[in-house]
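Before I ask anything, let me first share the structure, which is written out below as structure tokens.
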Amino acid sequence: MLNNAKWISYPTMPSGYEAINLKKDFCTNDVKKATLKITSLGCYYATINDKRVGDFILAPGCTSVKRVQMQTYDVTKLLDTNNTIIVTLALDWFKGRINSKNTLEKPDWYQALICELEITHKNGEKEFIYSDKSWLASMSKVRFADIYDGEHYDALFNEEYVPCAEFDYPREMIVNQQGEKIVEHEVIAPHKIFKTPKGETVLDFNQNLTGYFEFKVNAKAGDKVSFSFAEVLDSDGNFYTENYRTAKSEFEYICKDGENVYKPRLTFYGFRYIRVNAFPCEITEKSINAIVLHSDIKRTGYLNSSSPLLNKLFSNIIWGQKGNFLDIPTDCPQRDERMGWTGDAQVFIRTATYNYDVERFFEKWLRDMRLDQFKDGSLPHVVPQYWSDEKPSAAWGDAITICPYQIYLTYGNKKILKEMYPGMCKYVAFMGRDSDRKYLWTGGVHHFGDWLGMDAPAGSYKGSSRMDYIASVFYYYSTVLTVKVGKILGKNVAKYEKLAANILKAIRKTFTEYTTQTECVLALYFGIAEDKKATADKLAKMIKDNGTRLQTGFVGTPYLLHALSQNGYSELAYDLLLQEAFPSWLYSVKQGATTIWEHWDGVNDKGEFWSKDMNSFNHYAYGSVADWVYGVGCGIQTVEDKPGFEEIVIAPVPTKKLDHLSAKIETRQGLVSSAWYKEGESFRYEITTPVNATIIIDGKTYNVTKGSYVF
């Protein structure tokens with residue numbers, strides 16, 4: 001791929017995080033079609049004759065360091081007789097602060113470009129322009145660019161070009177574009193501009209978002225524009241950035257004389273508020289807009305209810321997904337992290353596949369997971385593997401089994417199962433070897449446990465649920481999924497079936513009591529409990545004794561309402577969903593959240609922050625509750641042996657606590673919708689199915705063909 005082109009870069013390594021330019025002047029005429037194939041180590045921003053090439057933000061995207069995606073653009077309309085192509089490159093995901101450990105075996109490697117421009121003339125002849133030593137290089141006006149720390153641009157900087165250098169980087173790492181590109185979406189004007197008690201000028205966009213901004217100002221040469229970014233204000237109403245940790249998240253711009261219009265090119269920010277540190281004149285609502293960035297995924301799912309607070313929660317879940325689906329499923333978009341955390345992705349993936357069409361998005365990320373899987377079958381905590389080589393935590397590493405299977409259920413994608421099955425087998429084998437007891441996963445000190453559970457001991461981020469128990473349950477679940485996937489692929493899974501049976505037996509023998517809400521939830525949801533009624537009753541009592549409030553963290557919360565509704569406690573599940581007191585989903589809504597928080601108590605009712613170092617206000621994991629609303633409240637369910645909604649079960653579970661609840665999902669087969677309305681002491685159900693469906697209403701079963709129905 002790109003066999004005749006060369007990797008090129010600036011002749012010497014930049015001293016810091018400066019961006020570089022690579023330029024080629026050329027002449028052509030009688031152009032019928034022109035196609036640019038391009039990729040880079042580091043993110044690029046390309047122009048031809050001062051016009052942007054494509055709309056892919058932060059191309060070529062975020063991938064394992066073992067591969068890089070190549071983009072193909074039709075640039076016919078950008079060409080003239082005399083042409084200049086300029087590509088600006090920053091380190092970013094390749095070797096910026098987010099991935100400073102990446103050396104690709106050579107510590108002196110830095111941002112580089114490889115490209116091919118194919119020009120077809122009107123007479124049918126072809127002309128090729130390759131990246132090679134004929135190109136020129138310069139330091140860029142982008143004086144600093146980093147994913148964590150922001151961007152600095154100097155419009156007065158003199159870009160002095162010198163001959164570029166060719167580099168012998170591997171070509172085998174180049175693959176065609178696989179994921180969804182990152183593009184601009186909503187443009188949001190400032191909601192208000194105000195002075196804080198400290199006298200600082202702050203813009204409020206009334207929405208926590210991921211993206212950047214565009215400003216416009218008339219200025220004198222040398223005037224400065226400077227912004228800082230924040231998600232929240234402190235209890236006094238002042239600008240607050242301590243939860244960004246070491247991420248500077250800044251923007252600086254040195255103006256040229258006259259009109260200056262600019263938006264960042266090689267970074268992104270997570271923010272609701274922008275503090276104006278410097279601006280050549282008084283800033284107004286017309287001076288600046290925020291621009292939302294996320295992967296180019298199509299919205300497919302919609303939830304609505306009679307409760308304004310619940311509807312705001314649904315909106316917050318959507319914004320949390322948009323803000324964290326930026327080429328990879330990040331945990332958060334603002335602090336010095338922004339990683340593809342496996343645990344967050346697996347707990348949210350069912351909701352993710354209903355809200356948006358994320359099949360291609362996850363195909364690309366899961367391929368990176370397979371590339372970054374360690375030789376012993378274990379997995380990094382984050383994918384791409386930009387962090388340490390620590391052993392995986394239960395419920396985090398299990399993303400390798402859970403995520404592909406959900407993609408199969410929602411989209412009928414058997415191909416991803418075939419790709420991921422060898423990795424699933426390797427992971428199951430690793431769990432068995434990593435344990436100090438046969439048929440259990442015990443003895444590990446590397447587990448996150450029920451992360452951020454409300455029953456955590458003082459000074460701990462981990463809930464009180466036993467880590468050995470959680471790990472063993474997920475050992476069992478991943479083995480069960482490996483059996484299911486193996487059968488779908490026609491594999492002999494006898495040894496995994498036997499292994500699953502032995503794991504279940506060992507768990508039941510070893511863990512005879514469940515001591516926390518999360519332990520009860522896992523026992524019920526994953527079929528561990530032998531006496532389901534007694535376990536469900538115990539869980540219900542724990543919840544009621546806690547003021548009808550949850551105590552679960554990242555591991556227990558996604559399954560909590562399911563465990564209740566599957567075992568006769570649907571009304572209690574609704575009580576938790578509609579609970580407004582802390583801790584609850586609606587507590588943050590009442591506190592003014594516009595996305596999902598990392599902590600149930602990110603800000604308490606006194607305006608105090610939970611912590612400085614682990615307190616994101618755009619962290620989508622707890623938004624996984626939406627899959628219960630889709631699948632139980634509104635009852636839209638996939639059928640395992642008819643994946644991709646080829647057949648559907650619709651079994652809504654209403655409550656008199658709401659006047660109505662509705663869900664719509666645009667599936668591969670068409671639109672499925674389920675809504676119910678309270679009418680006195682009865683309920684009216686309106687259901688549409690694009691395929692044959694089994695509808696269950698008040699215990700009665702109706703087998704129907706595609707169409708719309710009222711009950």
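For segment 674-700, enumerate the residues that are free of Cβ contacts under 8 Å to residues at least 24 places away in the same chain and either closer than 29 Å to LYS414 by Cβ or of a type in the set (A, V, I, L, M, F, W, C) (or both).
Hit for segment 674-700 is THR688, nothing else.
Need at least 3 residues that are modelled with pLDDT of 95 or more and either surrounded by 13 or more Cβ atoms within 10 Å (Cβ to Cβ) or of a type in the set (Val, Ile, Thr) (or both) per element, so show me which strands (runs of 3 or more DSSP E) inside segment 156-216 make the cut, counting only ones lying wholly within it.
Here the list reads 182-188.
For segment 478-517, which positions are within 27 Å of the chain's Cα centre (by Cα) and farther than 13 Å from GLY432 by Cα?
VAL480, LEU481, THR482, LYS484, VAL485
Please find, within segment 544-574, the residue that is nearest to VAL521 (Cα to Cα) out of those that are crowded, with 24+ Cβ neighbours inside 10 Å and touching a Lys or Arg at 6+ places or on another chain (Cβ under 9 Å).
PRO558
Identify, by number, the condition in (1) touching a strand residue (DSSP E or B) at 6+ places or on another chain (Cβ under 7 Å); (2) in the same structural domain as ASN355 (by TED's automatic domain parsing); (3) closer than 28 Å to ASP613 by Cα that ARG275 doesn't meet.
(2)
A follow-up question, please. May I ask you to verify whether GLN406 is over 16 Å from MET424 (Cα atoms), polar (S, T, N, Q) and in the same structural domain as MET420 (by TED's automatic domain parsing)?
For GLN406, the condition - over 16 Å from MET424 (Cα atoms), polar (S, T, N, Q) and in the same structural domain as MET420 (by TED's automatic domain parsing) - is not met.
Condition check: in contact with a strand residue (DSSP E or B) (Cβ under 7 Å, 6 or more places away or on another chain), assigned by TED's automatic domain parsing to the domain that holds VAL31, closer than 28 Å to LYS32 by Cβ and of a type in the set (Asp, Glu). Does GLU160 satisfy that?
no
Ok, one more. Given the options GLY377, GLY432, GLY397, name the one that is assigned by TED's automatic domain parsing to the domain that holds ILE488, in a loop (DSSP other than H, G, I, E, B), out of contact with any strand residue (DSSP E or B) (no Cβ under 7 Å at 6 or more places or on another chain) and more than 27 Å from HIS599 (Cα to Cα).
GLY377
From the residues in segment 479-502 that are surrounded by fewer than 21 Cβ atoms within 10 Å (Cβ to Cβ) and small (Gly, Ala, Ser), which one is farthest from LYS418 (Cα to Cα)?
Top of the filtered list is ALA501.
Exactly one condition in (1) among the acidic types (Asp, Glu); (2) outside any helix (DSSP H, G or I); (3) crowded, with 20+ Cβ neighbours inside 10 Å is false for ASP336; which is it?
Here ASP336 meets the rest and fails (3).
Let me ask something else about it. Return the pair list, or none, for Cβ contacts closer than 8 Å from residues in segment 91-108 that are in the same structural domain as GLN334 (by TED's automatic domain parsing) to residues that are modelled with pLDDT of 65 or more, at least 6 apart or on different chains.
Taking only residues 6 or more apart or on different chains, not a single pair turns up.
Take SER388 and tell me if it is free of Cβ contacts under 8 Å to residues at least 12 places away in the same chain and either surrounded by 24 or more Cβ atoms within 10 Å (Cβ to Cβ) or not in a helix (DSSP H, G or I) (or both).
yes
Restricting attention to segment 108-131, does a residue exist that is of a type in the set (D, E, K, R), surrounded by 20 or more Cβ atoms within 10 Å (Cβ to Cβ) and modelled with pLDDT under 95?
Looking for residues that are of a type in the set (D, E, K, R), surrounded by 20 or more Cβ atoms within 10 Å (Cβ to Cβ) and modelled with pLDDT under 95, one finds none in segment 108-131, hence no.
Further question: Residue by residue through segment 50-77, note down the ones that are more than 23 Å from MET173 (Cα to Cα) and touching a helix residue (DSSP H, G or I) at 6+ places or on another chain (Cβ under 6 Å).
Hit for segment 50-77 is LYS51, nothing else.
Residues are listed down the side, and each one gets a yes or a no for (1) touching a helix residue (DSSP H, G or I) at 6+ places or on another chain (Cβ under 8 Å); (2) among the aliphatic types (A, V, I, L, M); (3) not in a helix (DSSP H, G or I):
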position: TYR469; (1), (2), (3): yes, no, no
position: VAL473; (1), (2), (3): yes, yes, no
position: THR479; (1), (2), (3): yes, no, no
position: VAL483; (1), (2), (3): yes, yes, no
position: GLY490; (1), (2), (3): no, no, yes
position: ALA500; (1), (2), (3): yes, yes, no
position: LEU504; (1), (2), (3): yes, yes, no
position: LYS509; (1), (2), (3): no, no, no
position: LEU522; (1), (2), (3): yes, yes, no
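Can you pull out the strands (runs of 3 or more DSSP E) entirely within segment 594-711 that have at least 1 residues that are under 30 Å from THR552 (Cα atoms) and in contact with a helix residue (DSSP H, G or I) (Cβ under 7 Å, 6 or more places away or on another chain)?
Hits in segment 594-711: 636-638, 660-667.
Quick check on segment 307-325. Is at least one of its residues in contact (Cβ under 8 Å) with a residue 40 or more places away in the chain, surrounded by 19 or more Cβ atoms within 10 Å (Cβ to Cβ) and in a strand (DSSP E or B)?
Within segment 307-325 (the criterion being in contact (Cβ under 8 Å) with a residue 40 or more places away in the chain, surrounded by 19 or more Cβ atoms within 10 Å (Cβ to Cβ) and in a strand (DSSP E or B)), the answer is no, since none of the residues qualifies.
Something else about it: Which of the residues belonging to segment 9-44 are within 14 Å of TYR161 (Cα to Cα) and part of a strand (DSSP E or B)?
SER9, ILE20, ASN21, LEU22, LYS23, LYS24, ASP25 - these are the residues of segment 9-44 that are within 14 Å of TYR161 (Cα to Cα) and part of a strand (DSSP E or B).
For LEU440, work out the one condition from (1) surrounded by 23 or more Cβ atoms within 10 Å (Cβ to Cβ); (2) part of a helix (DSSP H, G or I); (3) aliphatic (A, V, I, L, M) it doesn't fulfil.
(2)
Identify all residues within segment 217-250 that are in contact with a Cys (Cβ under 8 Å, 6 or more places away or on another chain) and crowded, with 21+ Cβ neighbours inside 10 Å; write none if there are none.
If the condition is that a residue be in contact with a Cys (Cβ under 8 Å, 6 or more places away or on another chain) and crowded, with 21+ Cβ neighbours inside 10 Å, then VAL225 is the only one that fits.
Something else about it: Quick one: count up the residues across segment 138-151 that are surrounded by fewer than 24 Cβ atoms within 10 Å (Cβ to Cβ) and either more than 11 Å from PHE268 (Cβ to Cβ) or of a type in the set (D, E, K, R) (or both).
Count: 7.
Residues ASP531, ASP468: which one is assigned by TED's automatic domain parsing to the domain that holds PHE582, farther than 30 Å from ILE596 by Cβ and not hydroxyl-bearing (Ser, Thr, Tyr)?
Only one candidate qualifies: ASP531.
Still on this model: Which of the residues belonging to segment 589-611 are over 17 Å from ASP331 (Cβ atoms) and in contact (Cβ under 8 Å) with a residue 12 or more places away in the chain?
Across segment 589-611, the qualifying residues are VAL589, LYS590, GLN591, THR594, ASP601, VAL603, ASN604, ASP605, LYS606, GLY607, GLU608, PHE609.
Which strands (runs of 3 or more DSSP E) sit wholly inside segment 253-300 and have at least 1 residues that are within 17 Å of the chain's Cα centre (by Cα) and farther than 20 Å from SER140 by Cβ?
The qualifying strands (runs of 3 or more DSSP E) are 269-278, 288-295.
The values are calculated or read from the model by the stated rules, or taken from the named source; none is laboratory data. From a predicted model like this one, the values you see are computed outputs, not experimental measurements. Don't worry about glycine lacking a Cβ; one is built from the backbone with ideal geometry, like all the others, and counts go over all protein chains shown.
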